[in-house]
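Trainee: Can you keep this structure in mind? I'll have questions shortly.
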Amino acid sequence: MKNLLITGYRAHELGIYNQKHKGIAYIQKAILSRLLPLVEDGLEWVITPGQYGVDLWACEAVFALREQYPHLQLAIITAFANQEENWKEERKEYYEDLILQADYYGSVSNQPYTGIWQFRARDELLFRKTDGILLVYDEDAGEGSPKFIKEQALRKNAEDGYVYIGISAEDIQNIANEEAYEAADDYA
């Protein structure tokens, strides 16, 4: 696999409203645990839609891996221009910093938001340009925006073997539990 799409929940769908939330670190560790073997097997590009949540936390995971794997590249491809326009200032600054570090940044539509067609066009492009998806989504935890992209990925998997890699709430909780257990051992 050379090109991987990473996406998942938006921050608000997880009850995360700022960058200081401790859950972000566990989500990033889950992403890193799935990414590392792919990078070691020749993954070259990670592509994300750049929405506030899993998409942007995945960018940070890629930047962490680039210290050891400088060949790994990141693309942020949004559905429409200026998607961050109505975000709070802190989120805009965070987003702009990530864009500056990305190897590629672009929008499928150069217009501001005009309709759902922009998201459909973006998803179609992302699936066409990637060999697989790493999706942070857990149906058991309740439906959310990643539901539709999961359905598309599974259809593409059945049609042409598109790779589907999932990260569930249980996967993330296991990482948190493991860290808590290790911390408890440190004090024992």
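Trainee: Return the whole-Å distance between the Cα centroid of the range 58-80 and the Cα centroid of the range 1-56.
Mentor: Answer, in whole Å: 10.
Trainee: Output the peptides 146-152, 100-106 sorted from most to least packed, where packing is the average of other Cβ atoms within 10 Å over each peptide's residues.
Mentor: 146-152, 100-106
Trainee: Next question, about the same structure. Between E151 and Y113, what length comes free when the chain is fully extended (0.36 nm per residue of separation minus the Cα-Cα distance, one decimal in nm)?
Mentor: Answer, rounded to one decimal: 11.3 nm.
Trainee: Given Cα pairs under 8 Å that are at least 6 residues apart, what percent is the relative contact order of the range 20-112?
Mentor: Answer for the range 20-112 is 28 percent.
Trainee: Here's another thing I want to ask about it. Taking amide H positions as placed in the peptide plane 1.01 Å from N, state which residues far from S109 in sequence (5 or more) or on other chains have amide H under 5 Å from it.
Mentor: Counting only residues 5 or more places away or on other chains, the set is F80, A81.
Trainee: Nearest 10 degrees is fine. How inclined is helix 89-101 to the longest principal axis of the chain, computing both from alpha carbons?
Mentor: 80
Trainee: Report the net charge of residues surrounding K29, where surrounding means a beta-carbon distance below 12 angstrom and charges are Lys +1, Arg +1, Asp -1, Glu -1.
Mentor: Details: positive: K22, R34; negative: E60, D171, E178, E179.
My count for the surroundings of K29 gives -2.
Trainee: How far is helix 54-66 tilted off the main Cα axis of the chain, in degrees rounded to 10, range 0 to 90?
Mentor: The angle comes out near 70 degrees.
Trainee: Counting only helical runs of four or more DSSP H residues, what would the 222 nm mean residue ellipticity of the chain come to if each run contributes -39,500 (n - 2.57) and the total is spread over all its residues?
Mentor: Taking each H run of at least 4 residues, the total per residue is -16000 deg cm²/dmol.
Trainee: For E159 and A180, compute 0.36 nm times the residue count separating them, minus their Cα-Cα distance, and round to one decimal in nm.
Mentor: Result for the pair: 3.4 nm of gain on full extension.
Trainee: Right, something else. What is the angle, in °, between the Cα long axis of helix 146-160 and the longest principal axis of the Cα atoms in the chain? Nearest 10 is fine, range 0 to 90.
Mentor: Approximately 80 degrees, to the nearest ten.
Trainee: Still on this structure: In square nanometres and to one decimal, what's the mean projected area of the convex hull around the Cα atoms of the chain?
Mentor: If you wrap the Cα atoms of the chain in a convex hull and average its projections, you get 11.5 nm².
Trainee: Ok, one more. Please list the radius of gyration and Dmax for the range 67-126, considering alpha-carbon atoms only, with Å as the unit.
Mentor: 13.1, 41
Trainee: Hey, another quick one. Between their Cα atoms, which of K20/K88; K129/K150; K92/K147 are more than 24 Å away from each other?
Mentor: Pairs exceeding 24 Å: K92/K147.
Trainee: Arrange the residues E60, E139 by how much accessible surface each exposes, largest first, with a 1.4 angstrom probe.
Mentor: E139, E60
The values are calculated or read from the model by the stated rules, or taken from the named source; none is laboratory data. Note that the structure is predicted; figures quoted are calculated from it, not measured. Every residue, glycine as well, gets a Cβ built from its backbone with ideal geometry; the counts of neighbours run over all protein chains shown. Areas reflect the complete protein model, heavy atoms only, side chains present, ligands, DNA and RNA absent. Shrake-Rupley method; radii C 1.70, N 1.55, O 1.52, S 1.80 Å.
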